[in-house]
């Protein structure tokens with residue numbers, strides 16, 4: 001090996017070592033929590049914020065906490081999706097139209113009406 005090739009190889013080894021050292025220091029070094037964080041700007045975004053782990057004291061029954069969390073999530077979904085309100089007449093019309101179109105399409109292919117497999121053929 002010539003001296004130039006040896007020096008070039010040595011430089012490459014040093015560079016790889018320094019890059020690895022830098023990455024490991026950044027990952028495991030001073031602050032292990034390197035995730036990006038920012039404050040929310042809009043009220044809608046604040047409504048969807050999840051509770052950060054470790055922000056509350058670990059007191060009480062974890063099963064009860066899980067039940068309460070599920071109830072809160074269900075209430076939030078119900079509120080955001082307006083599940084307590086009746087369907088809009090336009091939406092009902094679209095759903096009925098889609099069902100009729102599916103029936104018209106399926107009947108020539110299968111030779112049966114929709115749901116005919118459920119009927120008692122005795």
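The values are calculated or read from the model by the stated rules, or taken from the named source; none is laboratory data. Since this is a predicted model, take the numbers as computed values, not measurements. Because the Cβ atoms are built from the backbone with ideal geometry, glycine has one as well, and the counts that use them run over all protein chains shown.
Starting from the range 1-21, keep only residues that are free of Cβ contacts under 8 Å to residues at least 40 places away in the same chain and at positive phi, then list their pairs with residues that are part of a helix (DSSP H, G or I) and surrounded by 10 or more Cβ atoms within 10 Å (Cβ to Cβ) whose Cβ atoms are within a distance under 7 Å, requiring at least 6 positions of separation or different chains.
Sorted first by the residue in the range 1-21, then by its partner, the list stays empty.
Could you check residue 23 against (1) surrounded by 10 or more Cβ atoms within 10 Å (Cβ to Cβ); (2) at pLDDT 60 or above; (3) within 28 Å of residue 80 (Cα to Cα) and say which number it fails?
(3)
Just checking, does the range 98-111 include any residue being out of contact with any helix residue (DSSP H, G or I) (no Cβ under 7 Å at 6 or more places or on another chain), modelled with pLDDT under 75 and part of a loop (DSSP other than H, G, I, E, B)?
Yes - at least one qualifying residue is present in the range 98-111.
Against the condition at pLDDT 85 or above and part of a loop (DSSP other than H, G, I, E, B), how does residue 86 come out, does it pass?
Working: at pLDDT 85 or above: yes; part of a loop (DSSP other than H, G, I, E, B): yes.
Here the answer is yes, as residue 86 does meet what is asked.
List every residue pair whose Cβ atoms sit under 8 Å apart, with the two residues 6 or more apart in sequence or on different chains, where the first one lies in the range 78-100 and is under 26 Å from residue 44 (Cα atoms) and the second, anywhere, is not in a helix (DSSP H, G or I).
Cβ pairs passing all conditions: 78/84.
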